[in-house]
1. Looking at Ile74, Leu22, Pro2, which one has the Cα that reaches farthest to the positive end of the dipole of the chain (charges on Cβ: Lys, Arg +1; Asp, Glu -1)?
2. Using just the C-alpha positions of region 4-102 as equal point scatterers, what log10 of I(q)/I(0) does the Debye formula give at each q in 0.11, 0.19 1/Å?
3. Picking from Val93, Val30, Val21, which is most flexible by a Gaussian network model of the chain using Cα springs under 10 Å?
4. Please list the non-local residues whose amide H lies under 5 Å from the amide H of His26, H modeled 1.01 Å from N, same-chain partners needing a gap of 5 or more.
Amino acid sequence: MPLLLPLTISCGLFGLGLYAVLARRHAVMVLLGIELMLNAVNLNLVAFDTWWADQVHTGQSLTLFVVALAAAEIGVGLAIVLALFRAAGQVDVDEQPTEPADVVEDGGLR
């Protein structure tokens, strides 16, 4: 398989993820965009590992590291989104309170 095909698909995935991060206001959609960008990086790593055909398989090893990083990122990210929803009642990124004085001690808004 030529190297151009996975690189083209990876560019498309990264572009979709970048659009989701920059244009969406919903926090879960932003996390989904970050996951798409990480998957595009994984595709690049595996494609170049196959193209270079080295003995160490560095691209595949780094891909496993990125998958573990993505799993940790989505766990922490969803916990933050859940905390934002409990505190503000919404997960719209642009509409979150910016001042700490707006949030009372029990997690609700004043």
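Rule-based calculations on the coordinates, nothing more; no lab input. These numbers were taken from a predicted model, which means no experiment stands behind them. Quick reminder, even Gly has a Cβ in these numbers, built from the backbone with ideal geometry, and neighbours come from all protein chains shown.
1. Checking the options against the dipole of the chain, the answer is Pro2.
2. Taking Cα atoms of region 4-102 as identical point scatterers yields -0.44, -0.91.
3. Maximum among the listed residues: Val93.
4. Val93
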